[in-house]
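Beneath this line is the structure, given in structure tokens, with notes to follow.
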Amino acid sequence: METAYFNGKFLPKDEIKISPDDRGFLFADGVYEVIRWYEGFFYDTNSHVTRLKRSLRELRINWPDADSFPTIATELIKVNKLENQPAMVYLQVTRGAARRTHYFPTPEVSPTSYAYAWSFEPESQLKETGIKVMLKEDIRWSRCDIKSVALLPNTMSFQEARENGLNECIFVRNGIITEGSHSNIFFVIDGTLFTHPESNDVLSGVTRKNILRIAQESGIKIREEALQENRIRFIQEAFITNTSLEVTPVIELGGNTLGDGIPGKVTRIIRDKFAIEIKALKG
Ligand code: PMP
């Protein structure tokens, strides 16, 4: 039986009951985080906790246990006997359950917190071959920096990509490439690495941040600068980053083959350096 975390307790998952009046259900009024277990440790939990706290603060949800996320996650790995396999932990915190009003509940109610762990099969093949991605108008709201559970534009767009045999949907806002439905995107132009700067238009990815550090340590020139869609023809390489896909090369963007249509040199260097960092952490 799978054990999950719910409001301070570890319970069999099928015993967990969430109110139909929960604002997560009614309004998608909540935030989430996902961390990855590398058979012995979670990667950069500090950054995930910092981002979780920021998302909660921006939505004014008072969940006092954010610092306990790594402890909760470790316990979930243990009780579900996932220590020796790749796994992920998902945490969601909503504003809580109250009669439906657009304004926040008065008096304040306790947030609802829920987390679970699952064994996960890394997509190693895609990291070797690279992926093809679509481009689409960014139909999301203007606070994409908050890791909110309101992901309908993301799920709709990713579904569209999959139905077209593509592995991600990359958004374009006002002619500028922002990020993917569940990833950040990087480009290589004449040896320089570009990615959208931190702003309300993108999620500040934990992998993004670490890749910028690794690129810098490798002496690769970095520009945190938004790229116009009309400059696609100048892109020689691209890759997406997120917690589960790590660094995954992009070989086709919106129907345009990038470079030679195979993972580029800079991309491979960064992908491999990330893998080396993980291996070193495994000890
Ligand atoms: N952007 C979006 C919209 C995402 O959903 C994700 C995945 N959480 C990312 C970027 C990448 O974030 P991370 O590297 O922290 O997984």
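The values are calculated or read from the model by the stated rules, or taken from the named source; none is laboratory data. Keep in mind it's a predicted model, so treat the numbers as computed, not measured. Glycine gets a Cβ as well: all are built from the backbone with ideal geometry, and neighbour counts include every protein chain shown. Surface areas here come from the heavy atoms of the whole protein model, side chains and all, with no ligands, DNA or RNA. Shrake-Rupley method; radii C 1.70, N 1.55, O 1.52, S 1.80 Å.
Remarks
- Derived from the Cα gyration tensor, the three semi-axes of the equivalent ellipsoid of the chain are 33, 23, 16 Å, largest first.
- Here the spin labels are modelled as points 7 Å beyond Cα on the Cα-Cβ line, and at Phe25 and Ile176 they lie 3.9 nm apart.
- Cross-link pairs beyond the 29 Å C-alpha cut-off, checked among Lys127/Lys221; Lys132/Lys209; Lys136/Lys209; Lys132/Lys279; Lys9/Lys127: Lys9/Lys127
- Cα→Cβ-extended label distance, 7 Å offset, between Thr192 and Thr155, nm: 4.0
- Per residue, in Å², the accessible surface of the chain once ligands and nucleic acids are set aside, probe 1.4 Å: 49
- Panel values: the stretch 125-282, Kirkwood radius from alpha carbon pairs, Stokes-Einstein at 25 °C and 0.890 mPa s, translational diffusion coefficient 159 µm²/s.
- Using just its DSSP H runs of length 4 or more, each adding -39500 (n - 2.57), the chain gives a mean residue ellipticity at 222 nm of -8500 deg cm²/dmol after division by all residues.
- In this simple spin-label model, placing a label point 7 Å from the Cα along the Cα-to-Cβ direction at both Asn164 and Lys53 gives a separation of 4.0 nm.
- Distance histogram for the stretch 1-121 (every C-alpha pair counted, 5 angstrom bins, percent rounded to whole numbers): 2, 12, 22, 21, 19, 13, 7, 3, 1, 0
- FRET E, pair Glu277, Thr101, Förster distance 51 Å, beta-carbon r, rounded to 0.05: 0.60
- Summarising the strand pairing of the stretch 125-282, around 65 percent of its internal DSSP beta bridges are antiparallel.
- Pairwise FRET efficiency - Thr257 versus Thr71, Cβ, R0 = 45 Å, nearest 0.05: 0.45
- Portion, in percent, of the accessible area of the chain that falls on carbon or sulfur, probe 1.4 Å: 50
- Note on the stretch 1-69: with charges restricted to the Cβ of Lys and Arg (+1) and Asp and Glu (-1), its dipole about the Cα centre is near 260 debye.
- Only the Cβ atoms of Lys and Arg (+1) and of Asp and Glu (-1) were treated as charged; on that basis the dipole of the stretch 3-119 about its Cα centre amounts to roughly 280 debye.
- Dipole magnitude (debye, nearest 20) for the chain, charges at Cβ of Lys, Arg, Asp, Glu: 400
- Kirkwood-based shape ratio for the stretch 70-194, expressed as Rg/Rh from alpha carbons: 1.05
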